[in-house]
């Protein structure tokens with residue numbers, strides 16, 4: 001075997017003349033396609049031009065996955081139009097060169113294969129996926145406000161058809177190994193134990209790739225405009241062009257320039273260096289920072305016990321079971337637990353197509369009306385109703401049976417941790433793990449540290465949050481913590497506007513036009529008018545009068561989505577908003593102001609450590625318009 005080693009690549013040629021190019025980026029835990037890595041790939045191809053192999057297989061030397069994508073840090077250095085075009089040109093030209101080599105090529109994909117990593121794999125003749133949970137393939141560039149300019153917009157539609165390809169590129173969603181094979185993205189998927197031999201067999205087989213069906217070829221050619229027009233309508237329903245230009249650019253570059261971003265350099269520059277791209281890259285790094293909080297402890301849970309099978313408790317239990325943990329769910333009777341199990345099954349059926357896997361997940365979610373699971377659990381989460389005496393009684397019982405090293409957490413959203421922990425033998429063991437509704441969609445979880453709390457317990461709680469694929473945000477114990485504390489004044493101001501005669505639909509439209517995923521009045525309906533009443537008293541103070549529009553509906557028993565009627569009628573499933581009136585000038589700024597002020601105040605008070613974490617928390621906890629980079633970043637830009 002002949003071996004040549006570069007700084008980031010290792011090239012080996014075996015006795016059958018097959019070249020194995022292994023990427024193991026120096027000094028990093030994951031592979032990314034930095035300029036240095038790409039330059040070395042060019043040198044590697046130069047070498048193989050001189051000594052052509054019988055075939056070339058790309059694989060990863062990292063346990064973490066294949067290739068995570070381009071080096072995101074390099075996007076922050078694109079300060080001139082030329083640099084953006086150079087960045088796109090580098091990958092486009094190199095991968096076109098790879099696609100044109102005379103010998104067969106194969107990407108052996110194990111673990112994440114995203115962005116530029118998938119574009120490299122698409123430039124190979126074959127793609128072999130390793131069938132294990134971590135294998136994911138996707139082009140998530142749109143989530144950074146940019147486009148897959150290294151060949152993804154050309155080759156993915158050719159490989160799986162334009163409709164499926166645009167769906168992936170416009171949403172950033174990824175595929176597992178089996179779905180990739182089913183769609184034709186992967187030629188096959190195999191278990192890890194045979195991946196090397198299977199890769200070599202496929203490479204030398206000279207098997208022709210599965211051709212696109214005739215109708216897909218038409219949609220990728222003469223009927224492109226039909227697909228493009230449909231895609232534009234779908235995108236318009238989710239994102240406004242002025243806020244998120246990248247998805248519209250993807251459609252235009254595919255339909256007008258056959259996926260060649262270099263054919264529209266002015267468009268590429270406007271995308272790559274846009275405020276949206278800069279802010280979304282900023283959000284990406286903030287997200288990565290949140291993940292680091294889950295790495296400060298090596299704690300790993302196997303069994304979670306949840307007390308309280310209401311909407312929050314039941315959904316927390318269901319999510320933990322979905323993420324692979326054994327979960328016992330406790331409430332006063334099976335009748336109280338049954339609705340949570342039914343809701344979990346309905347949710348799982350939408351996600352899980354394999355009936356055996358579905359059964360395994362349901363088997364991990366165990367009803368436990370007697371609460372026996374608390375004694376064996378590594379994490380115990382209290383999610384009963386917000387009553388101090390009831391929680392005290394429960395904590396006394398849990399304290400007597402729990403393992404001494406287990407994490408004891410409360411999901412309270414309005415009570416102080418310091419008041420809750422006073423009945424424990426060791427009050428420092430209680431921590432807040434505050435989820436948001438809906439649990440399966442909201443990525444943020446606040447990890448609440450009480451005054452005098454044990455830092456190691458908080459670190460374990462953050463590790464648990466990361467283990468279940470959520471973003472832990474450390475906050476101090478204070479009314480509303482971060483997320484609810486900033487939402488309260490925002491929703492209050494929105495209802496004050498309704499009191500002044502502005503229709504709820506018009507108030508909501510002002511914030512939808514700003515870029516929020518949901519208007520504040522619809523949010524009140526979703527949260528519940530009873531919750532809004534209670535939160536308003538807690539956050540604004542007992543002497544502050546609630547808005548008349550809220551009080552009237554609350555007294556009439558119209559509590560929002562849960563009762564079918566609140567500010568809107570929800571009997572049809574979606575809120576019936578009616579016509580939107582003219583949005584008064586300055587309404588969006590007025591509604592935002594209390595949210596911005598409260599966010600800054602919480603940073604000043606140390607409830608959250610700094611402005612970046614506050615921005616991350618409000619984005620991932622409320623959906624605050626990501627293209628702005630967060631409330632405090634938005635405020636800074638507005639005041640600049």
Discussion item. Of everything in the stretch 152-178, what is under 22 Å from residue 57 (Cα atoms) and under 23 Å from the mean Cα position of the chain (by Cα)? Give them in sequence order.
Written reply: 152, 156, 175, 176, 177, 178
Worksheet item: Hey, any hits in the stretch 242-265 for a residue that's more than 26 Å from the chain's Cα centre (by Cα), at pLDDT below 90 and either surrounded by 19 or more Cβ atoms within 10 Å (Cβ to Cβ) or not in a loop (DSSP other than H, G, I, E, B) (or both)?
Response: yes
Worksheet entry | Residues that are part of a helix (DSSP H, G or I) and surrounded by fewer than 21 Cβ atoms within 10 Å (Cβ to Cβ), drawn from the stretch 171-195 | 171, 178, 179, 181, 182, 183, 192, 193, 194, 195
Worksheet item: Given the structure, is residue 598 crowded, with 19+ Cβ neighbours inside 10 Å and without any contact (Cβ under 8 Å) to a residue 40 or more places away in the chain?
Response: no
Worksheet item: Regarding residue 465, is this residue crowded, with 22+ Cβ neighbours inside 10 Å and within 24 Å of the chain's Cα centre (by Cα)?
Response: yes
Practice prompt. Might you let me know whether the stretch 608-623 holds any residue that is free of Cβ contacts under 8 Å to residues at least 24 places away in the same chain and out of contact with any strand residue (DSSP E or B) (no Cβ under 6 Å at 6 or more places or on another chain)?
Written response: yes
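Looking only at strands (runs of 3 or more DSSP E) that fall completely inside the stretch 1-64, which ones have 1 or more residues that are without any contact (Cβ under 8 Å) to a residue 40 or more places away in the chain, under 39 Å from the mean Cα position of the chain (by Cα) and at negative phi?
Ranges flagged: 2-5, 9-13, 18-23.
Taking residue 517 as the residue in question, decide whether it is under 26 Å from residue 580 (Cα atoms), modelled with pLDDT under 95 and either within 28 Å of the chain's Cα centre (by Cα) or in a strand (DSSP E or B) (or both). Steps first, answer last, please.
Numbers: under 26 Å from residue 580 (Cα atoms): yes; modelled with pLDDT under 95: yes; either within 28 Å of the chain's Cα centre (by Cα) or in a strand (DSSP E or B) (or both): yes.
Criteria met by residue 517.
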Worksheet item: Of the residues 394, 415, 341, 398, which is in a helix (DSSP H, G or I) and touching a helix residue (DSSP H, G or I) at 6+ places or on another chain (Cβ under 7 Å)?
Response: 398
Practice prompt. Name the residue, out of 383, 377, that is closer than 26 Å to residue 524 by Cβ, buried (at least 23 other Cβ atoms within 10 Å of the Cβ) and assigned by TED's automatic domain parsing to the domain that holds residue 334.
Written response: 383
Response to the item:
Across the stretch 268-319, the tally of residues that are in a strand (DSSP E or B) and buried (at least 24 other Cβ atoms within 10 Å of the Cβ) stands at 4
Practice prompt. Would you mind stating whether residue 84 is more than 19 Å from residue 120 (Cα to Cα), under 33 Å from the mean Cα position of the chain (by Cα) and either at pLDDT 95 or above or not in a loop (DSSP other than H, G, I, E, B) (or both)?
Written response: yes
Practice prompt. Give just the number: which of (1) within 30 Å of residue 351 (Cα to Cα); (2) loosely packed, with under 15 Cβ neighbours inside 10 Å does residue 425 not satisfy?
Written response: (1)
Practice prompt. Give just the number: which of (1) part of a helix (DSSP H, G or I); (2) buried (at least 20 other Cβ atoms within 10 Å of the Cβ); (3) not assigned by TED's automatic domain parsing to the domain that holds residue 587 does residue 456 not satisfy?
Written response: (2)
Worksheet item: Of these, 149, 134, which one is in a loop (DSSP other than H, G, I, E, B), touching a residue at least 40 places away in the same chain (Cβ under 8 Å) and crowded, with 20+ Cβ neighbours inside 10 Å?
Response: 149
Item to complete: Please indicate, with yes or no, whether at least one residue in the stretch 230-237 is in a loop (DSSP other than H, G, I, E, B), in the same structural domain as residue 16 (by TED's automatic domain parsing) and within 30 Å of the chain's Cα centre (by Cα).
Response: yes
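The values are calculated or read from the model by the stated rules, or taken from the named source; none is laboratory data. Computed from a prediction, not measured in an experiment: that's the story for all the values here. With ideal geometry, Cβ positions are generated from the backbone for all residues, glycine too; neighbour counts draw on all protein chains shown.
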